[in-house]
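Written out below as structure tokens is the structure these notes cover.
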Amino acid sequence: MDIFGKQFIDGKREASSGITFVACDAVSGETLPHKISTATEAEVRSAAEAAARAYPVYRKTGLEERAGFLEAIAKEIDSLDDSFISMVMAETGLLEARVRGERARTSNQLRLFAAVVRRGDFLGARIDSALPQREPLPRPDIRQYRIGLGPVAVFGAGNFPLAFSVAGGDTASALAAGCPVIVKAHSGHPVTSELVGQAIVRAVETCRMPSGVFGMLFGDNSGEPLVLAREIKAIAFTGSLRGGRALNEIAARRPEPIPMFAEMSSINPVIVLPGALKERSQAIATGVAASVTLGAGQFCTNPGLIIGFSGDLFEHFCQQLGEEMGKRDPSVMLNRTILTNYQDGVTRMAQISGVELLASGPSDLDRAQTCLFRASATLLKKTGHPLEAEVFGPATVVVALKDLQELLDLAPRLNGHLTASVFAGSADAESCGPLVDALEPRVGRIILNDYPTGVEVCDAMVHGGPYPASSDSRFTSVGSLSIDRFLRPVCYQGYPDSMLPSALQDKNPLGIRRLVNGCWTSDPICGVQLAENR
């Protein structure tokens, strides 16, 4: 396992700063032996320039060629041996099953986008044929499809070292769109990032892609210069609200502002209705505790707020949830910084007037203790949303409201969140409709009788939501529609067929689905009969 600790730039490895850092073992806190060089501003510029040179070549790759490239990356990642698994475990404290599962998710995401590319509908081809006889004015031939924006900067996430990092969903969707990618590797798992980066480079070489189609930079000082590089046309980020806001402000003040697609902060409220508690209170309590503590609570879909209605049913549920949370052992966090931030967040929550610690698990200074808080309902209405400040780890808060009407009145005031879960019983049917209507404007995914942790990667998934869950609620960062972030439409008017991109030519050589004169079809445009005054 060769670890060079240098920047990935235009198919080469470079390190000129002389400044290095090391990763730490997440469990012991001991430093790992590999030294990682931090990128200089000159190296950032070189990576951006290489990506810009690659863009005009890469964006015109054929659909089969591009899909094959994505599959080649997946194959290389799947072939990484047990020493790779061990390194990920050491840098992150994640168990082997989680690491292997996340690797499978990473390669499956790449294969999903290979299928998206082959399908071709992401191109959004639309054709309105000429109407030369139309009165009072003729219509010219107008055709549209979508192209990749250009080089994309991807900021690797700390909590998903594979699936949201170097070859994660942001990279996969950007490459699928025809955009070169420069990754700013997360400093919490640099060796993991290096090994995945090497896998991508092998795929670049095997598929004979332009060398600048993938680059990677190490060191936190490389983030701002990367965002400011004029060659970068979009940014993808998964992380804290503070980090996302900072990058968004940098992107906005560029001479040419660029879109910043950030997934940031969410507490994913879980609403337990009385009918559900009457039918299966213990099962819900057990499931909520498992969801809160899954992965040490380090998922962006971690349920940080549990809402019910005042009364014996909810009181009994809170007691059951407290017992379940108290059973949970303290957890190893991804790194010591995240552990410290979690401990600070728990302290901050306990100091809020109107909040009490209801239950906690065994304590351990080197691990995250599970915590269940109870808060006054008035805090949900308070300016500043004190209960909606994310505590990243195995903690959650229960709140009792008076009734459904109070919840319906409250819902429009909630922050934006990635998810909201509703647990309903057979007696709650009348409540569900108005509640879902109230939640739809505030979240990206509404879950019925299930827990928010666990995000399926598929065509229909939405992983986004109103601010601060994400910076732009029109997009998702998971699922095939995440490719939309990195595409823009281009219109061709009055062009002869021979000059059009393949996606727009009459014979439809790509065989893709297109909107032709108002009808979806994958057939060539031959002998189409048009309404006289369309």
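The values are calculated or read from the model by the stated rules, or taken from the named source; none is laboratory data. Because the structure is a prediction, the values reported are computed rather than measured. Reconstructed Cβ throughout: ideal geometry from the backbone, glycine too, with neighbour counts over all protein chains shown. Note: accessible area is taken over every heavy atom of the protein model, side chains too, but ligands, DNA and RNA are not part of it. Shrake-Rupley method; radii C 1.70, N 1.55, O 1.52, S 1.80 Å.
Below are the figures for this structure:
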| read-out | value |
| --- | --- |
| Principal semi-axes in Å for the chain [√(5λ), Cα gyration tensor, largest first] | 42, 32, 19 |
| The stretch 351-420 and the stretch 65-116: distance between their alpha carbon centers, rounded to Å | 35 |
| The stretch 172-322: Cα Rg divided by the 2.2 N^0.38 Å rule of thumb | 1.48 |
| Tilt relative to the chain, helix 41-58 - C-alpha long axis, 0 to 90 degrees, to 10 | 50 |
| Estimated 222 nm signal from helices in the chain, with DSSP H stretches of n ≥ 4 weighted -39500 (n - 2.57), rounded to 500 | -11000 deg cm²/dmol |
| Viscosity 0.890 mPa s, temperature 25 °C, Stokes-Einstein D of the stretch 221-298 from Kirkwood C-alpha radius, µm²/s | 157 |
| Kirkwood-type radius of the stretch 426-498, with distances r between different C-alpha atoms, in Å | 15.2 |
| Positive-end residue of ALA115, LEU131, GLY416, charge dipole of the chain with Cβ unit charges | LEU131 |
| Accessible area in square angstrom per residue, the chain, 1.4 angstrom probe | 41 |
| Acute angle (nearest 10 degrees) that the helix 190-206 long axis makes with the longest principal axis of the chain, alpha-carbon atoms | 20 |
| Descending semi-axes in whole angstrom, ellipsoid equivalent of the stretch 413-534, from the Cα gyration tensor | 42, 18, 14 |
| In Å, descending, principal axis extents of the Cα set of the stretch 349-477 | 42, 35, 32 |
| Projected area, mean over directions - the stretch 57-97, Cα convex hull, nm² | 4.2 |
| More than 12 angstrom apart: percent of Cα pairs within the stretch 264-316 | 66 |
| Note, ³J(HN,Hα) from phi for the stretch 501-514, Karplus 6.51, -1.76, 1.60, rounded to Hz, x at Gly and Pro | x, 3, 4, 10, 6, 3, 6, 6, x, 7, x, 9, 6, 9 |
| Residue list for the stretch 396-434, given a label point 7 angstrom along the Cα-to-Cβ vector of ARG280 and an amide N cut-off under 19 Å | 420-433 |
| In degrees, nearest ten, helix 429-439 long axis to first principal axis of the chain (Cα) | 60 |
| Cα gyration tensor shape of the stretch 191-239, rounded if a/c is under 1.5, else prolate or oblate by comparing a/b with b/c | oblate |
| Whole-number D in µm²/s for the stretch 311-362 (Stokes-Einstein; Kirkwood sum over Cα pairs; 20 °C, 1.002 mPa s) | 167 |
| Lysine pairs within the chain, Cα separation less than 22 Å, 8 or more sequence positions apart or different chains | 12 |
| Per residue Cα convex hull volume in Å³ - calculated over the stretch 159-230 | 89 |
| nm² value of the averaged projected area, convex hull over the Cα atoms of the stretch 144-194 | 3.4 |
| Gyration tensor (Cα) of the stretch 89-176, equivalent ellipsoid semi-axes in angstrom | 45, 13, 7 |
| Loop chymotrypsin sites (Phe, Trp or Tyr not before Pro), the stretch 246-326 (other Cβ atoms within 10 Å of the site Cβ: 12 or fewer; DSSP) | none |
| Label-to-label distance, nm, for residues given as ALA252 and SER16 (7 Å Cα→Cβ offset) | 3.4 |
| Longest to shortest principal axis, alpha-carbon extents of the stretch 1-98, angstrom | 48, 36, 18 |
| Global form of the stretch 108-233, assessed from the alpha-carbon gyration tensor, a/c cut-off 1.5 | prolate |
| The stretch 190-254, dipole about Cα centre (Lys/Arg Cβ +1, Asp/Glu Cβ -1), debye to the nearest 20 | 260 |
| Dimensionless Rg/Rh of the stretch 282-343 - Kirkwood Rh, Rg from C-alpha atoms | 1.03 |
